[in-house]
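Step one of this worksheet: look at the structure below.
The values are calculated or read from the model by the stated rules, or taken from the named source; none is laboratory data. Given the structure is predicted, the values throughout are model-derived calculations rather than measurements. Here Cβ is always computed from backbone atoms with ideal geometry, including for glycine, and neighbour counts include all displayed protein chains.
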Amino acid sequence: MAKIGGFIERALRGGKRAGDSHAVNGSPLLDMGEMLPRRPRKIDQRAARRLIAGKRVLVTGAGGTIGSELCRQIASFEPEHLALVDNAEFALYQIDLELKEAGRGPFMTSDLTDVCRPEHLRRVFDRARPEVVLHAAAFKHVPIVEENRCAGALTNVYGAKNLFDTAIEYEAETVVFISTDKAVNPTSFMGATKRIAELYAQAQDVAQNKTRFVTVRFGNVLGSTGSVAPLFKRQIERGGPVTVTHPEILRFFMTTREAVQLVLQAASLDSAEEMIVMHDGRVFVLDMGEPVKILDLAKRMIEAYGLTPGEDIEIRFTGLRAGEKLFEEMFLDTDKLIKTGADGVLLASPAMIDLPLLNPRLSDVIKYAKDGNQDALDEAVHHLVPEFRAPHSDASRERNRSNQ
């Protein structure tokens with residue numbers, strides 16, 4: 001421990017070891033892009049500018065990692081109005097202050113609103129009258145949602161439904177739903193709830209012609225709240241150990257800026273001259289390159305501090321957590337992927353459920369989530385997403401006993 005402490009102390013003092021040239025205020029200024037085994041794409045944002053410029057835009061989850069970057073990039077495209085929506089006061093305050101200091105205040109409003117309160121959402125929409133809506137609000141941390149499934153379903157399913165329904169009611173032109181690779185063959189409850197929200201967005205896109213729904217699915221964002229990079233950073237600065245769940249675990253990664261640029265590019269494709277606006281329940285999948293081994297990411301971050309993995313900083317394996325996959329998938333084997341002409345954006349064709357069949361099942365999910373009936377909720381989610389089975393529910397244990 002003394003040796004580790006010594007190395008950390010030298011690194012934080014700005015010694016001569018490799019990587020220390022990036023030290024700022026006692027900590028290396030880590031460039032998340034340099035942690036990837038590829039360079040981030042350079043993306044032409046002209047189509048995204050056409051989607052946003054002069055429009056009234058609303059972003060939910062505006063204080064989160066993705067939401068706040070969406071707000072920064074959208075603000076740079078000069079919308080007529082930008083409405084920031086979040087239920088986390090301090091997160092909303094931070095992005096509100098940042099954009100106001102950048103001179104964006106005159107055309108911006110911030111609403112401390114929970115997407116699970118439809119009457120509050122209507123008041124926001126009544127004032128903002130958005131033409132473009134980007135829905136980034138969600139509970140995303142797999143282990144936390146696994147242990148709080150009713151709360152997860154309320155925000156990720158009921159909240160998404162409220163947002164989508166309100167956007168249709170107020171005749172928004174486009175709704176962009178930010179989804180996740182964890183919605184594909186979900187083993188986590190969080191992933192299953194995001195897949196249900198995808199199903200509802202798809203069904204609404206097909207069921208009506210006023211509001212276009214675009215779902216964009218991507219993997220992990222380096223440096224986002226709840227991601228491994230900030231965790232590894234804290235662990236390294238404490239002298240270790242750095243904890244990795246499994247030596248072979250793989251994840252897709254992008255930088256925040258690159259992910260948001262591609263989200264806006266995907267959202268703008270239908271409005272581009274070369275594509276016809278279609279209501280076919282489309283899901284765009286961001287090409288995130290090759291998956292990254294988390295162990296390799298941990299080693300690169302340790303080395304960025306000028307330290308040696310396994311010598312100066314221990315790497316400890318802790319085992320997969322509940323609902324965690326060894327590797328993630330961006331699409332199913334049965335999906336037919338179509339190139340869009342935009343670098344980094346693919347079009348998938350996942351299964352759909354028509355709205356008349358979906359609504360009763362969706363109502364069950366929402367009812368059981370509101371009632372706090374976790375086992376019934378697990379069953380209702382399984383009926384909508386058959387590939388998902390809650391491993392710790394009483395109903396699942398009963399099924400396992402009956403199959404023995």
**Q.** Top-ranked residue of the range 168-217 - restricted to ones that are among the β-branched types (V, I, T) and in a helix (DSSP H, G or I), ranked as surrounded by the most Cβ atoms within 10 Å (Cβ to Cβ)
**A.** T193
Q) Do we find that A229 is touching a residue at least 24 places away in the same chain (Cβ under 8 Å), assigned by TED's automatic domain parsing to the domain that holds V115, surrounded by fewer than 21 Cβ atoms within 10 Å (Cβ to Cβ) and part of a helix (DSSP H, G or I) in this structure? A) yes
Q: Please determine, by comparing only the residues of the range 125-174 that are touching a Pro at 6+ places or on another chain (Cβ under 9 Å) and of a type in the set (V, I, T), which one is nearest to V283 (Cα to Cα).
A: V132
Q) Picking from V228, V260, V277, which residue would you name as being of a type in the set (V, I, T) and at pLDDT 85 or above? A) V260
Q.
Give me the residue from the range 113-132 that is loosely packed, with under 15 Cβ neighbours inside 10 Å and not basic (K, R) and, out of that set, farthest from D165 (Cα to Cα).
A. D126
Q | Matching residues, the range 45-78, being outside any helix (DSSP H, G or I), in contact (Cβ under 8 Å) with a residue 40 or more places away in the chain and not polar (S, T, N, Q) | A | K55, R56, V57, L58, V59, G61, A62, G64
Q) Can you name the condition, by its number, that L84 falls short on among (1) in contact with a strand residue (DSSP E or B) (Cβ under 8 Å, 6 or more places away or on another chain); (2) in contact (Cβ under 8 Å) with a residue 40 or more places away in the chain; (3) not in a helix (DSSP H, G or I)? A) (2)
